[in-house]
Amino acid sequence: MIKRFKQHIESQFNALKQTSVLLAISGGLDSVVLAYLLKACDVDFEMAHCNFKLRGSESDADAVFVEKLAEALQVKLHLQNFNTEAYAKDQKVSIQMAARELRYHWFEELCQKNGLAYIATAHHAKDDLETFLINLSRGSGIDGLTGITAHNEQLIRPLLSFSREEILAYAEANEIKWREDSSNASDKYLRNHLRHHAIPAIEEAAPQFLNQFQKSQQHLKEVALLLEDYTAMLFSQIVNQSFKGYELSIQKLKQTPNTKAVLYQLLKDFEFTAWDDIYDLLDAEPGKYVSAKNHRLIKDREVLLLTENKKTHEVVLWNEQDASLVLDNLKIKKEAVEQFSKTTATEAIFDKDQLDFPLKLRKWEEGDWFYPFGLKGKKKLSKFFKDLKYSTLDKESVWLLCNDQDIIWVVGARTDDRYKVTPNTSQFLKITAYYD
């Protein structure tokens, strides 16, 4: 194995000879063997071990074992304890996800602090097969079926083309010791169940299954690359970028064969899951939308508008001594003027004596109302926006200038009739606003 590993490093990871690597070391068979192999190949590396405090004394014993391994290999070791359960509870994620987030965040910090170019993990071919089957069981698209990548930016997996049997044989032949994680024996998690039952049954029925699987997966990766090129071409034809976000032409989407698959390819990186609902947006009423974690897709007349989710905005106070303010998408300033003059949509003039500083700037909320200048009586902003044919995004972009609880200006649209200047006005305050 050592000969093939050296050839593998030279052909696929030649950069490791000119830089330093951080090896994620658990103390288990795979990572311990990788440590010995990297040492045999004269790769400059340091090791990092996470004690997640999930298995009591067993976790602490793993840490002691890794410390002794580092001494034996004469390799620098970084050791970190984590309160994984508290982090999972605080972040509302599973223990597995918490452990993943904690370790990779720490690994990245170590690399930056110590000038390490790569993070090496000991994933092997069976890990790749398990991931494939897990993603297959979840209805994954082609990206999920291409499995684990050997090189993903800073993260590298030098053992990915090797089977666990090869790794075990190397360890036994070289009398290498390692730690067994007792949780790996449990069938509680899907990965372990596949490892203990499904995969052995498949390999018993088809002894060459792993080799054939790797060939099939290589074909899938080639198809995925071809699909990426096709998607890039479609992106240039269907998508336009504006100040609102990305606009997907509904007409061009409908003219493209396999529209549903095309929508998936264009939007899969934005964490959407309700793909049937997204497809239905093509014929939905304007204003309908589908949300993901950080983005929304909104039906906006002839386009589907991809934008970030609406952010919660606090009330911004505008003190009397401040001549101007710069907000997310708005620049606004005020100045005293001698007399009333005709204004544009971006300007408003108020009777200063009616204003009680600080003024407030905020976004609209359901139930808001004001007295539109030139009209009798009050009007809900939702109806006012509807009359102006504002889209969902237009409504969310508008700022409201308020005096105490009163909306005195829907900025850029209409002032409030109660705050208009009169023949008795003695102090005029002009406010000018510009939306980006």
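The values are calculated or read from the model by the stated rules, or taken from the named source; none is laboratory data. Just so it is clear, the structure is predicted and the values come from calculations on it, not from any experiment. We place every Cβ from the backbone using ideal geometry, glycine too, and count neighbours over all the protein chains shown. With ligands, DNA and RNA removed, areas are computed over all heavy atoms of the protein, side chains included. Shrake-Rupley method; radii C 1.70, N 1.55, O 1.52, S 1.80 Å.
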* Asked: With every protein chain left in place, what is the accessible area per residue of region 133-246 in square angstrom, probe 1.4 Å?
  -> 64 Å²
* Structure fact -> With all protein chains present, the chain has a carbon and sulfur share of its accessible area (1.4 Å probe) in percent of 49 percent
* Asked: How much length, in nm to one decimal, is gained on full extension between residue 44 and residue 270, taken as 0.36 nm per residue of separation minus their Cα-Cα distance?
  -> 77.6 nm
* **Environment charge at residue 222 (Cβ cut-off 14 Å; Lys +1, Arg +1, Asp -1, Glu -1)** => -1
* **Alpha-carbon centroids, region 357-394 and region 94-159: separation in whole Å** => 49 Å
* Asked: Considering only the chain, what is the antiparallel percent among its DSSP beta bridges, to the nearest 5?
  -> 75 percent
* Asked: Once both labels are modelled 7 Å past Cα along the beta-carbon direction, what's the residue 112-residue 226 spacing in nm?
  -> 4.1 nm
* To do: Could you work out the relative contact order of region 18-58, using alpha carbon pairs under 8 angstrom and six or more residues apart, expressed as a whole percent?
  => 48 percent
* To do: Let me have the relative contact order for the chain, percent, based on Cα pairs under 8 Å that are six or more residues apart.
  => 10 percent
* How high is the relative contact order of region 10-120, in percent, counting Cα pairs under 8 Å that sit 6 or more residues apart? -> 31 percent
* Asked: What label, among (i) 255; (ii) 209; (iii) 166, belongs to volume of the Cα convex hull per residue in Å³ computed from the structure on display?
  -> (ii)
* Please work out the average accessible area per residue across region 1-50, using the 1.4 Å probe convention, and give it in Å². => 40 Å²
* Would you mind getting the accessible area per residue of region 336-380, heavy atoms of the protein chains only, 1.4 Å probe, in Å²? => 66 Å²
* To do: Pick out, in residue order, every one of the GluC sites (Glu not before Pro) in region 138-224 that is DSSP loop and has at most 16 other C-beta atoms within 10 Å; say none if there are none.
  => 153, 175, 180
* Whole-angstrom gap from region 54-68 to region 241-277, using each part's C-alpha centre -> 49 Å
* Asked: How about region 340-410: which trypsin sites (Lys or Arg not before Pro) there are in a DSSP loop, with at most 15 other Cβ atoms within 10 Å of their Cβ?
  -> 342, 376, 378, 389
* Count the lysine pairs in region 201-277 whose Cα atoms sit under 26 Å apart, keeping only pairs 8 or more residues apart in sequence or on different chains. => 11
